[in-house]
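A short write-up of the structure that comes next.
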Number of protein chains: 2
Amino acid sequence: MRVEIWSDVVCPWCYIGKRQFEKALAGFEHRDQVEVVHRSFQLDPSFPPGETVDVADMLAAKYGMPREQAVEMNRQMEKRAATVGLEYRLEGGRAGNTSDAHRLIHLAAKHGLQDETVEALFKAHFTDRRSVFDHDSLTEIAGEAGLDAATARETLSSTAFTAEVEADQREARDLGATGVPFFVIDRRYGISGAQPPEAFTEALTRAWTDAHPTLTTIGTPSETCTDETCTP
Amino acid sequence: MRVEIWSDVVCPWCYIGKRQFEKALAGFEHRDQVEVVHRSFQLDPSFPPGETVDVADMLAAKYGMPREQAVEMNRQMEKRAATVGLEYRLEGGRAGNTSDAHRLIHLAAKHGLQDETVEALFKAHFTDRRSVFDHDSLTEIAGEAGLDAATARETLSSTAFTAEVEADQREARDLGATGVPFFVIDRRYGISGAQPPEAFTEALTRAWTDAHPTLTTIGTPSETCTDETCTP
């Protein structure tokens, strides 16, 4: 079975959803036969590369609210994250273009380090308040995830995996996703959002049953030979 | 999609069923994406190798009927075969152990000539009244199906593919088959007997739909980010 997870590095529900999914997977009987693939989804692909903004400022501007209210919204998110065991430290957090981070995740997939890299990027952004936008910081995070730092830097300096990032994004839209996290199991079941582990367990169980069907009989058995004295 | 067809070389309903299936397949929109695999089923694996008996004598003995009645049953089968465009000439037909014929079919699969060989064996047995039991005749039939005659003879002289023939037989029983022909589509749909083309069409269509599912949504979408101003 194959679980594809579309997420963005700066999406707070994605990190939380990843934990919810992982909890369901850990309790799933056939977890050894489940392959997890991370896919790219940019919440704002048009964000000018190289620039960043303060998340609370952005929230305040978008909703026309006092900055203090935006900060309070972030505090609520920190509390929600804590319920799944994640430490979010959102004050002073910045938003930016995540294309480079996603290209790094595609590089990591080639080296069997995709999950480690996704995890390192989430932690860097939401817990450690490190940049997931500039190449120096991304190279460092990649190194900590186990990737060769020189290879990571070379990839970031090039346009490698740009097409893959865009293809992932298109595929999510084609599958009907309008936001992330978006989980797809065997291209058969879709789960939108950081739903409770029970939803993931249900999807995993249904997909498993589908993948291991019992034979459905079509029509009425007739005109069959059961031994060599087969007669009309 | 993968269609597996269990049959025995001496099973009159199998050749007829093959034609019914082929008629359905020819009219199936996605026929180019259907792979057909023939599998072995021996109606009487305990039949002494090297020996053969007259089919009408066997029928008469089994059912305690006059030989003439058994001959008449064969005539009915010839008429039934004619309705699907097959010429059966059953008078004087003989039964025997079909293990060698099945081993030949497995050899043919390795050379991409499986269907040709199954077809040649059916025609030899039911239409041309040639032996599908002795090695000389089997080698000749294999050659006509496009196989290298020397390779065929060598295979027949050895015990090659005996395990494969037995494994096919076990697998059919595991899937619930008690007779042949037995058709299985994507290990999802089973069809017993020489059913009308409509039954095969239904099975092909349902299997196709299963193999190309639309996404089923699990749970209620929640806690999703749709842009970078993602809020709790």
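The values are calculated or read from the model by the stated rules, or taken from the named source; none is laboratory data. Only a predicted model underlies this, so the values are computations on that prediction, with no experimental measurement involved. Please note: Cβ atoms are built from the backbone with ideal geometry, for glycine as well, and neighbour counts cover all protein chains shown. Note: accessible area is taken over every heavy atom of the protein model, side chains too, but ligands, DNA and RNA are not part of it. Shrake-Rupley method; radii C 1.70, N 1.55, O 1.52, S 1.80 Å.
Brief remarks follow.
- Residue count, the range A:98-136 (criterion: open to solvent by 20 Å² or more (accessible area, probe 1.4 Å), among the small types (G, A, S) and farther than 19 Å from A:A163 by Cα): 3
- Picking from residues in the range B:176-227 that are closer than 25 Å to A:A199 by Cβ and of a type in the set (D, E, K, R), the one that is farthest from the chain's Cα centre (by Cα) is B:D227.
- Any hit, the range B:214-232, residues being touching a residue at least 24 places away in the same chain (Cβ under 8 Å) and either acidic (D, E) or more than 10 Å from chain A (Cβ to nearest Cβ) (or both): no
- Filter result (out of contact with any Cys (no Cβ under 9 Å at 6 or more places or on another chain) and either within 16 Å of A:F126 (Cβ to Cβ) or surrounded by fewer than 24 Cβ atoms within 10 Å (Cβ to Cβ) (or both)) within the range A:1-22: A:M1, A:R2, A:V3, A:E4, A:V9, A:Y15, A:I16, A:K18, A:R19, A:Q20, A:E22
- Scanning the range B:142-195 for residues that are in a helix (DSSP H, G or I), in contact (Cβ under 8 Å) with a residue 60 or more places away in the chain and among the aliphatic types (A, V, I, L, M), we see that the one that is nearest to the other protein chains (Cβ to nearest Cβ) is B:A172.
- All positions within the range B:197-232 that are touching a strand residue (DSSP E or B) at 6+ places or on another chain (Cβ under 9 Å), β-branched (V, I, T) and open to solvent by 80 Å² or more (accessible area, probe 1.4 Å): B:T217, B:T220, B:T226
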